[in-house]
1. What are the ³J(HN,Hα) values, in whole Hz, obtained from phi via the Karplus relation 6.51 cos²θ - 1.76 cosθ + 1.60 with θ = phi - 60°, for each residue of the range 35-52 in sequence order, with x given for Gly and Pro?
2. At 7 Å along the Cα-to-beta-carbon direction for both Lys6 and Leu55, put a label point, then send me their distance in nm to one decimal.
3. Restricting to lysine pairs 8 or more places apart or on different chains, what number in the chain have Cα atoms under 14 Å apart?
4. Solvent-accessible area per residue for the chain at a 1.4 Å probe radius, Å²?
5. Quantify, in whole percent, the carbon and sulfur part of the accessible surface of the chain (1.4 Å probe; protein heavy atoms only).
6. What list of ³J(HN,Hα) values in whole Hz, one per residue of the range 27-34 in order, does the Karplus curve 6.51 cos²θ - 1.76 cosθ + 1.60 (θ = phi - 60°) give from phi, with Gly and Pro shown as x?
7. What is the chain's relative contact order, in percent, from Cα pairs under 8 angstrom and six or more apart in sequence?
8. Tell me the label only: which of (i) 62; (ii) 134; (iii) 44 is volume of the Cα convex hull per residue in Å³ as calculated from this structure?
Amino acid sequence: MSHGEKAKAKTEQAKGKAKEAAGRAVGNESLTAKGRMDQAKGDARQAKEKVKDVLKD
């Protein structure tokens, strides 16, 4: 996995967790959903990079 893409994936996941937690804390369902979406984007990016690594080998 390239280091840049791995970092982006981790950043998106962390940002999403923070948004989700903030949304839950203030009762904002929209912010909670956006946080979950950011986490999903990070998960998808990470999965894509893992597949690329497997195909390279």
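1. x, 5, 5, 4, 5, 5, 4, x, 5, 5, 4, 5, 5, 4, 5, 5, 5, 4
2. 2.0 nm
3. Taking the chain as the scope, the lysine pair count is 17.
4. On the way: 4080 Å² over 57 residues.
That works out to 72 Å² per residue.
5. Details: 2320 of 4080 Å².
That share works out to 57 percent.
6. Once θ is set to phi - 60°, the couplings for the range 27-34 become x, 9, 5, 5, 5, 4, 5, 4 Hz.
7. Details: 62 pairs, mean separation 24.6, N = 57.
About 43 percent, as a whole number.
8. Checking each listed value against the structure points to (iii).
The values are calculated or read from the model by the stated rules, or taken from the named source; none is laboratory data. Keep in mind that what you see is a predicted model, and the values were worked out from it rather than measured. Neighbour counts are summed over all protein chains in view; Cβ atoms, including those assigned to glycine, are modelled from backbone coordinates with ideal geometry. We work out accessible area using only protein heavy atoms, side chains counted, and drop any ligands, DNA or RNA first. Shrake-Rupley method; radii C 1.70, N 1.55, O 1.52, S 1.80 Å.
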